[in-house]
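The values are calculated or read from the model by the stated rules, or taken from the named source; none is laboratory data. Here the structure is a predicted model, which means the values were calculated and not measured. Every residue, glycine as well, gets a Cβ built from its backbone with ideal geometry; the counts of neighbours run over all protein chains shown. The protein model used for the area step is the full one, side chains on, heavy atoms only, and it has no ligands, DNA or RNA in it. Shrake-Rupley method; radii C 1.70, N 1.55, O 1.52, S 1.80 Å.
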Amino acid sequence: MTVARTVELEGHIIDSGTMGHCFGVVMDMGGEFDVEEFEVGRHKHAESYCRLRVMAETESDLRAILHELNQQGATVADPRDATLEEAPEDGVVPVEFYSTTNHPTAVRVGGEWIDVENVEMDCALVVEPNGESSPRVTTRVLNAVEEGDLVVTGETGIRVEPPERPRDGGGSFGFMQGGVSSERPSASLIEEIADEMRDVREADGTVLVVCGPAIVHSGGRNALADLVSAGFIDALSAGNGFAVHDLERDLYGTSLGVDTESLEHPRNGHKHHIYTISEIVRLGGIEAAVDEGVVDEGVMYECIENDVPYVLAGSIRDDGPLPDTITDALEAQNAIREQAHEADLVLMLSTLLHSVAVGNCLPSTTKTVCVDINPATVTQLLDRGSAQAVGLVTDIGAFLPMLRDELLE
């Protein structure tokens, strides 16, 4: 091994598995390591420290190993300031730009560690001068990078803080403890989710709900509308389909042409969704339809009546779409990003694609609840990287009424 660098690990690195994972990364990538110093925390709240000399055959191999170690929270010993390079043109980042994780991150600029704002995975880091004050460091998606932006490159001067196992256990939202439950939602788990929603509300935080059309199809619509009306939902993210079927249920009593109460198929019921779109377009949008009294119940109605902001992101599959639906993909992505950055708790309810879109924008510290009838969907959503997530494999039509009853009754 011809090249080497020294890295440091500090914190609850043993019980959180960080140290063992770092050892594995070095070996899996063809490197070697020597533990130069190791101090074990002597009690529950004491942190441990490990100083590790990492070796590789070539400089490029070592850079690759250091990049992976950095993602796990290792910091190069005797750190220098981060390397900054100007973006050569709009939408183009320098070679070897630093690609972010969704963990809390700090960048060393002018000898000072500065926390990154709006942490998000798969972004560039841009340093913005701030007069005589400390500079700001923000995440920037690649299409938003502008010519001349100071972009962080390489691994030097970057510190990542992956989530650690909390000392108090953390209940259902504890460190990687939520897991996936395929059982009928238990009363105790529903209670914990409800308690978390109450805590967020009392702290003047934001509960974001990500909705799929299955909420309407399965009969969970009224329960969700009640939660919006009662002030437990602060923002909503969905696609054109969810809003269309919620409005169809109000105008025609059907969802995808099926009466959700009797399960009968009314004559021409398969056309109800397109008739709904036409009517809302004619009136000028959802808010106008509410103002005209045409729409007088449902989730979208309660959002309008209670000033709950919503983002409807369009896709190539959409009929219509509704006037409220954002059809520009980048505009929709930015609107979702604003919602995600403000959220303290996210409920992902029976929609894989929109939940992934929101999940990609969330820091690992945001608490998340994922509910879907498909186990693979719940697992995929939990694997987006949240350290505080609960997954339920169940019918959304059973989950939402139970959650409503717990919160309201």
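Values computed for the structure shown
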| quantity | calculated |
| --- | --- |
| Tilt relative to the chain, helix 59-71 - C-alpha long axis, 0 to 90 degrees, to 10 | 50 degrees |
| Those GluC sites (Glu not before Pro) in the range 187-263 that DSSP places in a loop and that have at most 15 other beta carbons within 10 Å | E261 |
| FRET E, pair E32, V95, Förster distance 30 Å, beta-carbon r, rounded to 0.05 | 0.60 |
| Which labelled figure in (1) 0.94; (2) 1.04; (3) 0.96 is Rg/Rh (Cα atoms, Kirkwood Rh), once derived from the coordinates | (2) |
| Unit charges on C-beta of K, R, D, E only; dipole of the range 304-409, Debye | 460 debye |
| Shape of the range 80-122, Cα gyration tensor, a/c cut at 1.5 | oblate |
| Label-point separation, E297 to R282 (7 Å along Cα→Cβ), nm | 2.2 nm |
| Stretch gain in nm, segment E47-V3, where the contour uses 0.36 nm per residue and the Cα spacing is subtracted | 12.9 nm |
| Three-way shape label, the range 28-142, alpha-carbon gyration tensor, a/c 1.5 | oblate |
| Estimated distance in nm for a label pair at D115 and S188, the labels positioned 7 Å out from Cα along Cα-to-Cβ | 3.4 nm |
| Listed residue (V126, P94, V109) projecting farthest to the positive dipole end of the range 72-142, Cβ model | V109 |
| Counting DSSP beta bridges with both ends in the chain, the antiparallel % (nearest 5) | 60 percent |
| Ordering of 272-283, 345-356, 235-246, 130-141 by burial proxy (mean other Cβ atoms within 10 Å per residue, highest first) | 235-246, 345-356, 272-283, 130-141 |
| Nearest-ten-degree value, helix 18-28 long axis tilted from longest Cα axis of the chain | 70 degrees |
| Heavy-atom accessible surface of the range 10-143: percent carbon and sulfur, 1.4 Å | 45 percent |
